[in-house]
Amino acid sequence: MDSQQATRLDTPPFSVARFICEGYEQDPFKQMVVGMNEGITYAEAYRRMVALAGFLRREQGVGEGDTVMIAAPNIVAYFVLIGAIQLAGATVALMSPTVERTEFAGIYDRVHPAVAIVSTEAHCRLAAECSPATKVMTATCPVDGVLSVEQAWRGSAAWDGPSFDEDPKFVLFTSGSTGTPKAVQLRGSSFCRHAGELTRALRVKPGEVFFIPVPFAHVYGVVALHTALSHHATVATLVKYRPEQAMSLVTSVQANVYLGVSTMYLRELRENQDGEWDLSCLRAGLVAGATSPLAVFEEYEKRYGAILVNSYGMTETASHVALRPVTADPSLPFTLLSDITCSLSDRGTLQLRAISRLSALCPQLTTNDCAEVLSSTTFRLLGRLDHAIISGGIKIHPQQLEAEVADLLAPFQPCYITSRPDPKWGERVVLALSAISDASQLSTPGSQLLNALRERLGPIRAPREIVVFPTFSYTSTGKLIRQKLK
């Protein structure tokens, strides 16, 4: 297949498929995605994409109005799967490959996929049980009696003509950190616009290598891959995040832009105390999700020279809608991206208005995030409404307290503020420490740390005791599941 054929191929304008085609035209033998032990060039990605699109159309009968679901880890061919589905004209539904049986069935019932591309034998069985009419394919390990995507693209003729949605549809699911995951429909154009905003915020340069360890099935992973591919860049990723592998891969590919979550930066600092991995190749990074203490990011910037930016967003907004420097004053507000405004709801939570950026079903979005709105384009986050602690009739936001005492808590990370039932006050504020911290000397009410917190926060808002947890529970994207601290 020559470059002239790639040039003539008609592709959706706001799509991964178009980025792959453009990358093939510009530099066919450039690595598109690199993992720990394998990689794929733009030429090979293009060849596989058009072959799989042809298979989906002719052999599986996929077309406009259908949905194809992907439940796979960050394999190097993940972008190929998305591009092929878009060329076939179907909606791309992305599900975490780690969901349990009950959650899988609930998601499946909401999506009703014509084809399910899964990565485990257990999910092959579950897909068949949920809907015998759904055609099941495997993205990774071979499963007896189940066609693999590799067999499909090796044995199929190329896709041969336009049949796509001009603005491809995605169905994504919320992280589940605050309850049952919800399905949200988004458009490729939203991700492309956000990619442009992120490019400007991180000052992305031609030829830079992206490290994207967050799951591609999550909204942050989707906007991250759109950002990288819009520059026809090389993307380094991991099937499963581990700090040692992450630092090894960053070093080997000399990654420049890091799109991760706060817990990843924290773990890498902890695991690289002896400087075994030189991460000075990193120039910029985006930190999504709940932030770690200021000292963590200051240390990361000081040690490696990367400039870090903190983002605010959610699935319903196609990822980030506001940014701020993470190493500035912790009270520095978030600034909304262009064409977005904010206000407060009657409940004191943040409202966002931006028809072009939010879900098509939701021109105005009322969040559950309590905030202080400073102007129509700037705000400070206080914490989630459903995480608020009511102690003696006073509303206390744990995340706000964590920001106020970040310097005191920095030596004991990871740690969080939560509550316990109290017969007198309703709830009492407590400090949750991980067992990996040296917490033995801190567990008494009169400990030095508790006294320092009380002096800073006052007697009502300060933690009254320390509770040690064997481990904390996080979502696949590194978000703390605060309900499990109760």
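Listed peptides 422-430, 105-113, 185-193 appear in the order 185-193, 105-113, 422-430 once ranked by packing, highest mean of other Cβ atoms within 10 Å at the front. For residue 419, the amide hydrogen comes within under 5 Å of the amide hydrogens of 430, counting only partners 5 or more places away or on other chains and with H modelled in the peptide plane. Taking a straight Cα-Cα cut-off under 19 Å and skipping sequence neighbours fewer than 8 places away in the same chain, the lysines within cross-link reach of residue 486 are 395, 424. Along the axis of the charge dipole computed for the chain (Cβ charges of +1 for Lys and Arg, -1 for Asp and Glu, origin at the Cα centre), the listed residues 155, 433, 288 are led at the positive end by 433. 3J(HN,Hα) along the range 192-204: 5, 5, 5, 4, x, 5, 5, 4, 5, 5, 8, 6, 5 Hz, from the Karplus curve 6.51 cos²θ - 1.76 cosθ + 1.60 with θ = phi - 60°, whole Hz, x for Gly and Pro. Listed by chain and number, the lysines whose C-alpha is less than 21 Å from the C-alpha of residue 30, apart from same-chain residues fewer than 8 away, are 205.
Taking amide H as placed 1.01 Å from N in the peptide plane, the amide H of residue 66 sits under 5 Å from that of 91, each at least 5 places away or on another chain. For the range 43-95, the gyration tensor built on C-alpha atoms gives an oblate shape. Its axis ratio a/c (a ≥ b ≥ c) is at least 1.5, and a/b is not larger than b/c. Backbone amide hydrogens, once placed in the peptide plane, bring residue 382 within less than 5 Å of 370, 371, 372, excluding anything fewer than 5 places away on its chain.
Relative to the longest principal axis of the Cα atoms of the chain, helix 101-111 runs at roughly 60 degrees.
Computed over the chain, the P(r) tail beyond 40 angstrom holds 23 percent of alpha carbon pairs. The phi-based Karplus calculation (6.51 cos²θ - 1.76 cosθ + 1.60; θ = phi - 60°) puts the 3J(HN,Hα) values of the range 378-391 at 9, 7, 10, 7, 9, x, 6, 4, 7, 9, 4, 9, 9, 10 Hz, whole numbers, x for Gly and Pro. Once the C-beta distance of residue 447 and residue 109 is scaled by a Förster radius of 60 Å, the resulting FRET efficiency is 0.75 to the nearest 0.05. For the range 40-146, dividing the convex hull volume of the Cα atoms by the residue count gives 90 Å³ per residue. Here the relative contact order of the chain, from alpha carbon pairs under 8 Å that lie six or more residues apart, stands at 11 percent. Rounded to the nearest Hz, the phi-derived 3J(HN,Hα) couplings of the range 120-133 under the Karplus curve 6.51 cos²θ - 1.76 cosθ + 1.60 (θ = phi - 60°) are 10, 5, 4, 6, 4, 5, 5, 4, 5, 5, 5, 7, x, 6, where x marks glycine and proline. The tail of the calculated P(r) for the range 179-246, taken as Cα-Cα distances beyond 14 Å, holds 62 percent of the pairs. Our estimate of slack between residue 100 and residue 410, defined as 0.36 nm per intervening residue step minus the Cα-Cα distance, is 108.2 nm.
The long axis of helix 16-26 is offset from the longest Cα principal axis of the chain by roughly 70 degrees. Distance between the 7 Å Cα→Cβ label points at residue 183 and residue 345: 2.3 nm. For residue 240, the lysines whose Cα falls under 22 Å of its own Cα, not counting residues fewer than eight places away in the same chain, are 479.
Each value in this text was obtained by applying a stated rule to the coordinates, not by laboratory testing. None of these values were measured; they are calculated from a predicted model. Virtual Cβ from ideal backbone geometry, glycine too; neighbours counted across all protein chains shown.
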